[in-house]
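Asker: This is the structure I have questions about; it appears just below.
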Amino acid sequence: MLDADALAATVGRLRAAGQRVTPQRVLILGMFAAGEHLTAHEVYARVAQVSPAVNRSTVYRTLERLRDLGLLSETDLGDAERHFELLGDDRHHHLVCRGCGAMLLLGDEFVRPLREAARARYGFVARIDHLALFGLCSRCQDTMPAPADEDDH
Ligand SMILES: [Zn+2]
Ligand SMILES: [Zn+2]
């Protein structure tokens, strides 16, 4: 399931975080080695293929633990699913279109000034690991009215 490099990197990440290297953690964290976004549901479905005895809440707890350790990011991409992704040294973010669902990549260079301003102005260390901004892509702006203020929070 994992090639040797991805396996070594995954084990290294767990060790660097001071975590025991269990087969389950390697299995779950290793699924993200290719840089995919996966929902909690997708992770569970893949784990269940390999080891059907594992229950859903164990998988979800492992994801949350890996998130708390800073190994995975969890992002609300606006579809009521919990999206997880490997959190490497490079940060990236997304622009998510409410019209067609397109997800554009937003470089961290746009978010870095926000982080720096929060720190300089408020002494606040903002943890912005994987941000999703919602709106309309250039194509959808022509065909749809601007979105009303959506109350997500
Ligand atoms: Zn992402
Ligand atoms: Zn769109």
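Asker: Suppose we filter GLY18, GLY35 for residues that are assigned to a loop (DSSP other than H, G, I, E, B) and either among the aromatic types (Phe, Trp, Tyr) or in contact with a strand residue (DSSP E or B) (Cβ under 7 Å, 6 or more places away or on another chain) (or both); which single one remains?
Answerer: Numbers: GLY18 fails: either among the aromatic types (Phe, Trp, Tyr) or in contact with a strand residue (DSSP E or B) (Cβ under 7 Å, 6 or more places away or on another chain) (or both).
Exactly one of GLY18, GLY35 is assigned to a loop (DSSP other than H, G, I, E, B) and either among the aromatic types (Phe, Trp, Tyr) or in contact with a strand residue (DSSP E or B) (Cβ under 7 Å, 6 or more places away or on another chain) (or both), namely GLY35.
Asker: Output the residues belonging to the range 100-139 that are among the hydrophobic types (A, V, I, L, M, F, W, C) and more than 23 Å from GLU74 (Cβ to Cβ).
Answerer: Within the range 100-139, CYS100, ALA117, ALA120, LEU136, CYS137 qualify.
Asker: Taking the range 33-49 as the search range and keeping residues that are of a type in the set (A, V, I, L, M, F, W, C) and over 19 Å from MET103 (Cα atoms), which one is farthest from the chain's Cα centre (by Cα)?
Answerer: Only one residue fits best here, namely ALA48.
Asker: Another question, if that's okay. Identify the single condition in (1) surrounded by 15 or more Cβ atoms within 10 Å (Cβ to Cβ); (2) not in a helix (DSSP H, G or I) that GLU42 does not satisfy, given that it satisfies every other one.
Answerer: Among (1) surrounded by 15 or more Cβ atoms within 10 Å (Cβ to Cβ); (2) not in a helix (DSSP H, G or I), the lone unmet condition for GLU42 is (2).
Taken together, the values in this text are just the output of simple stated rules run on the coordinates, not laboratory data. What you see is a predicted model, and the numbers here were worked out from it, not measured in a lab. Positions of Cβ are backbone-derived with ideal geometry, glycine not excepted, and every protein chain shown enters the neighbour counts.
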